[in-house]
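The values are calculated or read from the model by the stated rules, or taken from the named source; none is laboratory data. Being a predicted model, the structure only gives us computed values, none of them experimental. So basically every Cβ, Gly included, is an ideal-geometry build from the backbone, and we count neighbours across all protein chains shown.
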Amino acid sequence: MTAALFPDTGREAQLFQRCRNAPMDARISAEDLGAGGAYAASLAWSGLCASGRRPVALAQARHLAMEAADSFIEHTARDRPVDPSDTQAAKRLAETAVGDALERDYGNDQA
C-alpha cells in the first residue's frame with residue numbers, strides 16, 4: 001500500500017498547480033486538466049489512508065478517488081473557457097490514470 005497515487009514532484013502535481021493557478025481566461029487542455037484531476041484524487045487518497053479509512057474494495061476506492069478528481073476538474077473548468085467535451089475527456093483521462101494507480105496499489109497488497 002502506498003500513501004499517494006502520484007508523487008508530489010511528478011507531472012500530475014505540476015499540472016494540478018498549473019490548472020489551479022491558471023488565469024480565469026486561460027484555456028486548459030483536457031490532458032492537463034485530467035492530470036490535475038488525477039493528482040487531486042491522489043491528495044484525497046492520501047487523506048483517506050492517513051485517517052485509516054482506506055477502502056477494502058478496489059471499486060469503492062476508485063469511486064472515492066474519482067469524486068475528488070471530478071470535483072477538481074469541474075471546479076477548475078467552470079470559470080474558464082473549457083469546452084464541455086474537454087471536461088469529459090479530462091474526466092476519462094483522470095479515471096484511467098487513477099484506476100491504473102489504484103490497481104497497482106491494490107495489486108501490491110496481494111503480493
Counted residues in the stretch 44-66 being exposed (fewer than 13 other Cβ atoms within 10 Å of the Cβ) and either at positive phi or within 12 Å of the chain's Cα centre (by Cα) (or both) come to 2
Of the numbered conditions (1) under 25 Å from Pro81 (Cβ atoms); (2) modelled with pLDDT of 95 or more; (3) of a type in the set (A, V, I, L, M, F, W, C), Phe6 satisfies every one except a single condition; which is it?
-> (1)
Could you figure out which of (1) at pLDDT 95 or above; (2) over 13 Å from Leu93 (Cβ atoms); (3) polar (S, T, N, Q) isn't true of Ser29?
-> (2)
Among the residues of the stretch 77-92, is there at least one that is touching a Leu at 6+ places or on another chain (Cβ under 8 Å) and either exposed (fewer than 15 other Cβ atoms within 10 Å of the Cβ) or closer than 18 Å to Ala3 by Cα (or both)?
-> no
Would you point out the residue of the stretch 20-43, among those that are under 13 Å from Ala97 (Cβ atoms) and hydroxyl-bearing (Ser, Thr, Tyr), that is surrounded by the most Cβ atoms within 10 Å (Cβ to Cβ)?
-> Tyr39
